[in-house]
Amino acid sequence: MPERSERFQLSPGMPSVHASQLPWNCAGNLEAERFFFKCMLSNNQGRKLAETIICNSFYDLESPSFTLFPNLLPVGPLLTSQQFGKAVGHFWQADTTCMSWLDEQPANSIIYAAFGSLAVFNQHQFQELALGLELSGHPLLWFVRDDLTDGTDDAWLDGFRDRVRGQGKLVGWSPQQQVLAHPFIACFFSHCGWNSTLEGVKNGVPFLCWPYFGDQFLNQSYICDVWKTGLSVDPDDKGFVPREQIKEKVDQIFLNEEMKARALMWKDIAKRCTKEGGSSYKNFKSFVDSMKE
């Protein structure tokens, strides 16, 4: 465990990490950090009993990690899917009306903004985020939970909805995999949870990253520094991000053709890994075969 406030790197090819952004140091408060740290210690103790650990990733995406930890078996990307006509693995009922709205927008023009089920913005930052997205001028699909802010101003939000009615659509919960698979999505503004990260990678969408806690900061480092398929917002020393920066970052992503090409490259690699003969396919088959023995 690091004893100093500094950056370190476990292995060449892996992103450097600052000690302040280790998962247990980004849990929100001291009590949560202690709980998170104890859980990770317990998990690591249990890991010693396992012959093999399967994980939702694929070899090419994090090859230095799998070289460093050879008992990790990547079998992904494995994502929740539609079964029996119903979505599985979701907290709330998704608003599927957004799919027809996506179809009506210009090609490769849409920002999809979603910050998971736990991230919370204070009211000032939430409004600044909204104004930055409005200022970008791009079509916007934004997943806005009822508890996304620590104090909702309904009148302000209603006014925002009215102003962006022709530009944007706000939903309470979105069918995220379907949204990211839509060909008109050009930017995924994300908290960088691992499921969302894999979904963005699998669909070849560039990221704008705003991590909130836990492993999301490390995921951001992979996206921006290793895979080079996204940019991050840069909060000031008080943790605040102004609307002008949000617009500027969005503009940079829309203009970066190399980033778009890399995102599509990772999409292709992810697809090959899960096809018959791919690395994840072989690993999963090997795991299943070993369970049969």
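Among the numbered criteria (1) within 22 Å of PRO23 (Cα to Cα); (2) assigned to a helix (DSSP H, G or I); (3) at pLDDT 90 or above, which one does GLN45 miss?
Among (1) within 22 Å of PRO23 (Cα to Cα); (2) assigned to a helix (DSSP H, G or I); (3) at pLDDT 90 or above, the lone unmet condition for GLN45 is (3).
Being of a type in the set (S, T, N, Q) and within 15 Å of the chain's Cα centre (by Cα) narrows it down to one of SER221, SER280, SER286, SER290, so name that one. Step through it out loud before you land on a result.
Details: SER280 fails: within 15 Å of the chain's Cα centre (by Cα); SER286 fails: within 15 Å of the chain's Cα centre (by Cα); SER290 fails: within 15 Å of the chain's Cα centre (by Cα).
Going through SER221, SER280, SER286, SER290 in turn, the sole match is SER221.
Among the numbered conditions (1) in contact (Cβ under 8 Å) with a residue 40 or more places away in the chain; (2) surrounded by fewer than 22 Cβ atoms within 10 Å (Cβ to Cβ), tell me where VAL250 comes up short.
So the condition that VAL250 fails would be (2).
The values are calculated or read from the model by the stated rules, or taken from the named source; none is laboratory data. Predicted model, so just to flag it, every value in this text is computed and none were measured. Note that each Cβ is placed from the backbone with ideal geometry, even for glycine, and that neighbours are counted across all protein chains shown.
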